[in-house]
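A.B. asks: Structure below; questions to follow.
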Amino acid sequence: MSRIPAPPSRLLAPSNNFGQGNTFAKRKVLTDRDTNSSPSKRSKNESTRSQVPITGRASFMPKTKTKTENVPPAKPRRASLAPKSMGPKTSSRSTLMPKTGTRPTMGARPVSKSSLVPKAEPKAAAANPVKAKPKRAAWDVKGRLLDMEAAFKDVLKEKDTNKSKFTDYNARIEALEIEKKSLNQNLAQSQTVSLAHQDKIDILKQQLMHSEDESSKQVGNLQKDLRDSKITIENLEFKNSTLERRIKSLTSELSARDEEVLGLKSTMSQLTTSQAGTEALLSSTKQILDERTCRVKELDETVSELENKIEDITRKLADGETMRRKLHNQVQELKGNIRVFCRLRPLLSDEVKANGGDDTIHHVNILDEKSLEVSKGDLNSSSMSGLQNRGTGRFDFSYDYVFGPNDGQGCVFNEIQQLVQSALDGYNVCVFAYGQTGSGKTYTMEGKHGDATHEGMIPRTVKEIFSAMHIAKEKGWTYSVAVNIMEIYNETIRDLLAPKGSANLTHEIKRVDKNTDEVMVSNLTHTQVETADHVHHLLKQANQKRAVAATNMNEHSSRSHCVFQLKITGKNSKTTESCEATLSLVDLAGSERIKESGAEGQRLTETLNINKSLANLGNVMLALGQKSAHVPYRNSKLTHLLINSLGGNSKTLMFVNLSPLDACLNETLNSLRFATKVNQCHIGTATKQIKK
Ligand code: ADP
Ligand code: MG
């Protein structure tokens, strides 16, 4: 910048102001010339001009010098630029047309009137008729000549004027040339300066861009800082609000604490007052406590003594239990012969109704839990003389147990419960239900499933077995139980748990092997069971199968034996002992006698078979009792099947079910006689089967 001198302000003006600047320059040049013109020159000009009359036309020229000193120099210049029409026409006319009435000279004639006089002149003349020159008459040649001379003089004057104008113009052109030159110089200078400035502008632009970049960077940084600050502010505000909340909660807590403190203070004062009393009480209590402590000590000693005693007793009890079990087994083993339980069912509601609402059992009387009497007459009739009737129609019977009409299922089961333990201990157990149809065999064996009061021996035995198995687990015993259910009808075995499609399979009783009498039934289904419910389900299944085969369910079931067997296998992990036993529960066919002569066809076959099998059961018992060399097990399917449960190693129980109906008296007597026969058998001592 320092290189370039500061241009004059008008040169720095933008190009569109150049015209103005030019005008200004022009004016200045003219003014300078005006001021530079020496007074002598001016006076010379004036003197020159003074010879020529100043006409209105001269006022059109830009010659200020021609004017008098009193006229300001700028004014004529401006006037010279004004249009010609603005000039004072009146004065020029007065110059051209003198008012004098002298005739124009002839010398002025050569200039044509039209070329010398402006066309507006006649119009002006017409407008000013007072000053108009009268037209000379044609004969006034002299006048006209004078006019012409005057006109000629005017032309000459005008020529001089034009000459001076021309000179003026030349001078002015020169001045303009000079001015143009100076302007060109100025222009060149301006361009140079402009170029210099352009460079400068470029540099400045670059600097500007650079500084813009920097500023944008700075702005970015500042914005980032701003954002950071905003976040910081937000965080601080959040912290602040959290703290405020905390302060609030603490304040409220504090006030609550204050209240609490106040309350505590009042409580404390109350306590302080009561403390004295309490202390007194405490000291007395302490005294009592000391006494009690002494007593407790004494009692502790007593307790420990008692505990020792209890331990002793428990040990003795355990020994006693072991002894009891041993003795129990010994008793069971000594009782080894088949045991007989007699059960007299109650009169059913229908039967009571039919009897006119009388529920008295007339012919059977239970004397005690082991004996009963049967009379052909009415035992309850007052007319009956005991002695007389006893001699003729009264019979006494005694068995291992006699259950009356009011003894429920639970009571009956209590008496056979020990047999369940025997089965788990490895003894074969066989329970029969013997009696005429309708005497209560099925009720006793099965009862009503799922009914806690009426469920029979089978469901109760199953439950007992599973619970005993559970207890025996603690002693290291684990058992597995398999169920099979079959029916013996007309000396044919039917598998009541056979899967579908195996109906045609035959079931034969076979020896397990040559060295043993143990038998098995071919193609028989053995189902492993783990719960009492499962067994219940299997029993239902078996009953359905029985019903499907029968045209008359009741009749069919009473004409066949139903055998339910549980095969129990046990292992003791502690003693490595193992045992196995079969628990058989048999619902025998109805024992009522049907005269063979009266029966025909299927009925005759059934009757023969039932008679045969029941009679054979009695014979087997008898043979066993008499220790015969030959026991006719194989004479019927039933005894053959139960060969292992009716021998020396088994425990057998026979229920003799009795009907209370008067009409059944004879059958009742038959059953009782059969039971007595069985009861008198001594099968021998049962032996625990221990697998080796
Ligand atoms: P069975 O099987 O010997 O032919 P049921 O067991 O079918 O005889 O008994 C015949 C009827 O007597 C059934 O309705 C049964 O419910 C009923 N009954 C049998 N014994 C008793 C008893 N001890 N208590 C109540 N009802 C019994
Ligand atoms: Mg039955």
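A.B. asks: Can you name the residue in the stretch 484-538 that is of a type in the set (D, E, K, R) and closer than 20 Å to ASN609 by Cα and, of all such residues, is farthest from the chain's Cα centre (by Cα)?
C.D. replies: First pass over the stretch 484-538, keeping only residues of a type in the set (D, E, K, R): 487, 491, 494-495, 500, 508, 510-511, 513-514, 517-518, 530, 533.
Add one more test, that the residue is closer than 20 Å to ASN609 by Cα, and what stays is 487, 491, 494-495, 508.
Values: GLU487: 58, GLU491: 67, ARG494: 57, ASP495: 54, GLU508: 63 Å.
Step by step, filter the stretch 484-538, then rank; the result is GLU491.
A.B. asks: Turning to a different aspect of this structure: Return the total of residues in the stretch 623-654 being part of a helix (DSSP H, G or I) and either open to solvent by less than 10 Å² (accessible area, probe 1.4 Å) or out of contact with any Ser or Thr (no Cβ under 8 Å at 6 or more places or on another chain) (or both).
C.D. replies: To start, the set of residues in the stretch 623-654 that are part of a helix (DSSP H, G or I) comprises 623-625, 633-635, 637-641.
From what's left, either open to solvent by less than 10 Å² (accessible area, probe 1.4 Å) or out of contact with any Ser or Thr (no Cβ under 8 Å at 6 or more places or on another chain) (or both): 623-625, 634-635, 638-641.
So the answer is 9.
A.B. asks: Moving to a separate point now. Checking ASP451 against (1) part of a helix (DSSP H, G or I); (2) within 13 Å of ligand 1 (Cβ to nearest atom); (3) without any contact (Cβ under 8 Å) to a residue 40 or more places away in the chain, which single condition isn't satisfied?
C.D. replies: With respect to (1) part of a helix (DSSP H, G or I); (2) within 13 Å of ligand 1 (Cβ to nearest atom); (3) without any contact (Cβ under 8 Å) to a residue 40 or more places away in the chain, ASP451 is out only on (1).
A.B. asks: Only residues that are of a type in the set (Lys, Arg) and surrounded by 12 or more Cβ atoms within 10 Å (Cβ to Cβ): list them for the stretch 181-204, please.
C.D. replies: As a first pass, look at the stretch 181-204 and keep what is of a type in the set (Lys, Arg): 181, 200.
Across the stretch 181-204, the qualifying residue is only LYS200.
A.B. asks: Collect the residues in the stretch 338-359 that are open to solvent by 30 Å² or more (accessible area, probe 1.4 Å) and under 30 Å from LEU646 (Cβ atoms), keeping them in residue-number order.
C.D. replies: The one that is open to solvent by 30 Å² or more (accessible area, probe 1.4 Å) and under 30 Å from LEU646 (Cβ atoms): ARG345.
A.B. asks: Could you please give the count of residues in the stretch 461-481 that are open to solvent by 40 Å² or more (accessible area, probe 1.4 Å) and outside any strand (DSSP E or B)?
C.D. replies: Selection size over the stretch 461-481: 8.
A.B. asks: Would a scan of the stretch 493-505 turn up a residue that is of a type in the set (Val, Ile, Thr), open to solvent by 20 Å² or more (accessible area, probe 1.4 Å) and modelled with pLDDT of 90 or more? I'd like the intermediate steps shown before the answer.
C.D. replies: First, pick out the residues of the stretch 493-505 that are of a type in the set (Val, Ile, Thr): 493.
Then drop every residue that is not open to solvent by 20 Å² or more (accessible area, probe 1.4 Å), which leaves none.
Looking for residues that are of a type in the set (Val, Ile, Thr), open to solvent by 20 Å² or more (accessible area, probe 1.4 Å) and modelled with pLDDT of 90 or more, one finds none in the stretch 493-505, hence no.
A.B. asks: Ok, one more. Restrict the check to the stretch 510-533 and report whether at least one residue is over 30 Å from MET621 (Cα atoms) and crowded, with 19+ Cβ neighbours inside 10 Å.
C.D. replies: As a first pass, look at the stretch 510-533 and keep what is over 30 Å from MET621 (Cα atoms): 527-533.
Still in the list and also crowded, with 19+ Cβ neighbours inside 10 Å: 529.
Yes, there is a match, as at least one residue in the stretch 510-533 is over 30 Å from MET621 (Cα atoms) and crowded, with 19+ Cβ neighbours inside 10 Å.
A.B. asks: Are any residues in the stretch 408-440 surrounded by 19 or more Cβ atoms within 10 Å (Cβ to Cβ), under 60 Å from the mean Cα position of the chain (by Cα) and within 13 Å of ligand 1 (Cβ to nearest atom), and if so, which ones?
C.D. replies: Passing the criteria: GLN409, VAL412, PHE413.
A.B. asks: Can you pull out the residues in the stretch 412-443 that are in contact with a helix residue (DSSP H, G or I) (Cβ under 6 Å, 6 or more places away or on another chain), within 16 Å of ligand 2 (Cβ to nearest atom) and either over 24 Å from SER671 (Cα atoms) or not in a strand (DSSP E or B) (or both)?
C.D. replies: GLY435, GLN436, THR437
A.B. asks: Which pairs do you get when a residue that is open to solvent by 40 Å² or more (accessible area, probe 1.4 Å), found in the stretch 674-687, comes within reach of a residue that is at pLDDT below 70, reach meaning Cβ atoms under 6 angstrom, with the pair 6+ apart or on two chains?
C.D. replies: If the second residue must be at pLDDT below 70, the pairs left are HIS682/ASN337; THR685/GLU333; THR685/GLY336; THR687/ASN649.
A.B. asks: Between a first residue in the stretch 608-635 that is under 16 Å from ARG559 (Cβ atoms) and a second residue that is of a type in the set (Lys, Arg) and open to solvent by 80 Å² or more (accessible area, probe 1.4 Å), which pairs have beta carbons less than 8 Å apart while being 6 or more apart in sequence or on different chains?
C.D. replies: ASN611/ARG593
A.B. asks: Being within 16 Å of ligand 2 (Cβ to nearest atom) and at pLDDT below 90 narrows it down to one residue among SER591, SER597; which is it?
C.D. replies: Working: SER597 fails: within 16 Å of ligand 2 (Cβ to nearest atom).
Sole residue among the options that is within 16 Å of ligand 2 (Cβ to nearest atom) and at pLDDT below 90: SER591.
The values are calculated or read from the model by the stated rules, or taken from the named source; none is laboratory data. All values reported here derive from a predicted model rather than from experimental measurement. Quick reminder, even Gly has a Cβ in these numbers, built from the backbone with ideal geometry, and neighbours come from all protein chains shown. We work out accessible area using only protein heavy atoms, side chains counted, and drop any ligands, DNA or RNA first. Shrake-Rupley method; radii C 1.70, N 1.55, O 1.52, S 1.80 Å.
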